[in-house]
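The values are calculated or read from the model by the stated rules, or taken from the named source; none is laboratory data. Quick caveat: nothing in here was measured; it's all calculated off a predicted structure. Note that we place each Cβ from the backbone using ideal geometry, even for glycine, and neighbour counts take in every protein chain shown.
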Amino acid sequence: MKKKILITVIVLLCIVALIIFLCVKNASRNDKQSQENSNFKIVTSFYPIYIMTLNVTEGANNIELKNMAELNGGCLHDYTLSTTDVKKVEDANVFIENGVGIENFTEKLLQIYSRVKIIDSSREIQDIISNGEEQNGHIWTSLDNYKKQVENIAYELSNYNSENADIYNKNANEYIAKIEDLENRYKEELSNLSGEKAICLNEAFEYLGRDLNLDMIMVETDHEESTLSADRLRSLIDQAKASNIKAIIIGEDDNTQNAETIATETGAKIYKLKTGMSGDYSKNSYLDDMEYNLEQLKELGN
């Protein structure tokens, strides 16, 4: 009899212990879920904007940062919203975009999630390069533009999430100081490039070329394919020979066929630069890319 009572007590104690364990676990889960729901959620459009925002928000309290378009090396010109990417914006407080027409889907996002606040990082940036009716949206390849984009992001986030305003502003100032140091090196170490002639087969570098005062022939191509006609290639080769152009600039991940054809005919050298559109999601990736470009461009001036 006593043995049965003891077994019953043990079973009851186990049940009570299990109930307590499940209650504590559920409470912990609810607390975590409640914390996640109360976080300030930020979604960036694509890689360059994510890196800017990552630097601005480092150490901020109660935030979640996600990047929407998981692209490796691509721009958003022909990007189509996927269900997975749209889902990332569902609970977002703010959506941060590059602007200048790069994100042609922003209006569609607002139709789906009208309460999401949009931060346009290109706000008040002057001297946008236009090619006919189309604007060149690759503004971040200019170090000066990049600084302004970082300032805009920090300013707008401070307005929408004031509890982290001091952190956003402090981070932005520290990050901009690093960019300015690199910008000064560009001016000092690449001053001899002013007026240097080059053919550029990637429009992402048009802003960088302008900053350096390069005399560039800009050619818009599909960077993954050989899209230049034989007549266009012949025209570029003739121009390169007539103007003694010895440099061809392309993106590091671009198809090299067009550049190699021109180089073979003219003796020009191909320079592969980084666009800052892909990487390992580390906060220093943009600085590392621009440092790499600096070293490549120093060779161009030799």
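For Phe105, the test of being among the aromatic types (Phe, Trp, Tyr), modelled with pLDDT under 95, surrounded by 15 or more Cβ atoms within 10 Å (Cβ to Cβ) and under 17 Å from the mean Cα position of the chain (by Cα) is passed. Listed by first and then second residue, the pairs linking a residue in the range 133-155 that is in contact (Cβ under 8 Å) with a residue 12 or more places away in the chain to a residue that is basic (Lys, Arg), with Cβ atoms under 7 Å apart and 6 or more places separating them unless they lie on different chains, are Asn152/Arg123.
Look at (1) within 18 Å of Ala60 (Cβ to Cβ); (2) touching a residue at least 24 places away in the same chain (Cβ under 8 Å) and you find that Ser162 fails only one, number (2). Of the candidates Ile112, Ile119, Ile128, Ile179, the single residue that is within 14 Å of Val43 (Cβ to Cβ), out of contact with any Asp or Glu (no Cβ under 8 Å at 6 or more places or on another chain) and of a type in the set (Val, Ile, Thr) is Ile112. Residues to consider are Glu206, Glu156, Glu183; find the one that is of a type in the set (D, E, K, R), at pLDDT 95 or above and within 17 Å of Lys272 (Cβ to Cβ). Selected residue: Glu206, the only one of Glu206, Glu156, Glu183 that is of a type in the set (D, E, K, R), at pLDDT 95 or above and within 17 Å of Lys272 (Cβ to Cβ).
For the range 256-267, the candidate set comprises residues that are over 22 Å from Tyr207 (Cβ atoms) and not hydroxyl-bearing (Ser, Thr, Tyr); within that set, the residue that is surrounded by the most Cβ atoms within 10 Å (Cβ to Cβ) is Ile262. The set of residues from the range 260-302 being over 19 Å from the mean Cα position of the chain (by Cα), part of a loop (DSSP other than H, G, I, E, B) and acidic (Asp, Glu) is empty. Scanning the range 93-129 for residues that are assigned to a loop (DSSP other than H, G, I, E, B) and among the polar types (S, T, N, Q) gives Asn93, Asn98, Asn104, Ser114, Ser121, Ser122, Gln126.
Selection within the range 78-92: residues that are at pLDDT 90 or above and in a helix (DSSP H, G or I). The member of this set that is nearest to Ile153 (Cα to Cα) is Lys88.
Can you name the strands (runs of 3 or more DSSP E) wholly within the range 184-259 that have at least 2 residues being in contact (Cβ under 8 Å) with a residue 12 or more places away in the chain and not aliphatic (A, V, I, L, M)?
197-200
For the range 215-238, the criterion of a residue being under 23 Å from Glu188 (Cβ atoms), surrounded by fewer than 21 Cβ atoms within 10 Å (Cβ to Cβ) and modelled with pLDDT of 95 or more is satisfied by at least one position. Before we move on, is Met52 among the hydrophobic types (A, V, I, L, M, F, W, C) and within 25 Å of Leu294 (Cα to Cα)? The answer is yes for Met52.
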